[in-house]
Amino acid sequence: MEFTPSLIGSMISDSNHSFELIKKSRVCVINLPTVELSHTVVEIGSCSGLNTDKFEKFDLKTEKGHKINAPLLVNCYANFECQLYDSKLVKDYKFCIFEIVKAHVATSPKYPKTIQYRGNSHFIDSGRNFKIPSLK
């Protein structure tokens, strides 16, 4: 959403346990998984953290955040430590605006195949990488 400060927006359903955790702590980590983790991602998303310790159930390796008090998933390609920057839209739209306060990105592979959820059990991978030179 913005470069400085580095802002990212996310809608989080208030029926998700994560919503209440974020609302209470005002922090989160956005983990960017690769295609290799796709089945685990679906399994994690198919149960609630309200009554399941997902870290234990799915044997998720974690590391403590450097800037915030939330765990990073070690097996993900990237982790973004975030704090809630603007909460004006949370109550009405469940839309959170986060500031990325620390980014962790693996150096290898250079172009990983990351996945994003599109809804209704559909995902998309990051696809082909290419460069277009700036006109500046």
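The values are calculated or read from the model by the stated rules, or taken from the named source; none is laboratory data. Since the structure is predicted, the reported quantities are computational estimates derived from the model, not experimental observations. Heads up, the Cβs are rebuilt from the backbone with ideal geometry, glycines too, and the neighbour counts pull from every protein chain shown. In case anyone asks, the SASA skips ligands and DNA or RNA and just uses the protein heavy atoms, side chains included. Shrake-Rupley method; radii C 1.70, N 1.55, O 1.52, S 1.80 Å.
Here are a few things to note about the model shown:
- Both radii were evaluated on the Cα set of the chain; the Rg over Rh quotient, with Rh as the Kirkwood radius, amounts to 0.96.
- What the Cα convex hull of the range 1-50 gives, in volume per residue, is 100 Å³.
- GNM flexibility winner over the chain from 122, 39, 104 (Cα, springs under 10 Å): 122
- Cα shape, the range 65-122, gyration tensor, a/c 1.5 rule: oblate
- Secondary-structure-derived ellipticity at 222 nm for the chain, considering helices only, amounts to -4500 deg cm²/dmol, per-run term -39500 (n - 2.57) for DSSP H runs with n ≥ 4.
- The stretch between residue 94 and residue 54, if pulled fully straight at 0.36 nm per residue, gains 12.1 nm over its current Cα-Cα span.
- Residue-wise HN-Hα coupling along the range 120-133, computed from phi with Karplus coefficients 6.51, -1.76, 1.60 (Hz; x: Gly, Pro): 6, 6, 9, 10, 9, 9, 5, x, 6, 9, 8, 10, 10, x
- Calculated FRET value between residue 66 and residue 116, using beta carbons and R₀ = 25 Å, to 0.05: 0.50
- GNM on the chain, alpha-carbon springs under 10 angstrom: the most fluctuating residue among 13, 121, 38 is 121.
- Expressed as a whole percent, the accessible area of the range 88-136 that falls on carbon and sulfur atoms is 54 (1.4 Å probe).
- For the range 74-86, 3J(HN,Hα) computed residue by residue from phi via the Karplus equation (6.51, -1.76, 1.60; θ = phi - 60°) reads 4, 6, 7, 5, 9, 9, 10, 6, 10, 10, 5, 9, 9 Hz, glycine and proline entered as x.
- Solvent exposure of the chain, expressed per residue, is 74 Å² of accessible area, with all protein chains present and a 1.4 angstrom probe.
- Summary value for the range 1-128: 29 percent relative contact order, contacts being C-alpha pairs under 8 angstrom separated by 6+ residues.
- Protection proxy ranking, peptides 22-30, 74-82, 3-11, 128-136, average beta carbon neighbours within 10 Å, highest first: 74-82, 22-30, 3-11, 128-136
- Listed by chain and number, the lysines whose C-alpha is less than 25 Å from the C-alpha of residue 88, apart from same-chain residues fewer than 8 away, are 23, 24, 67, 102.
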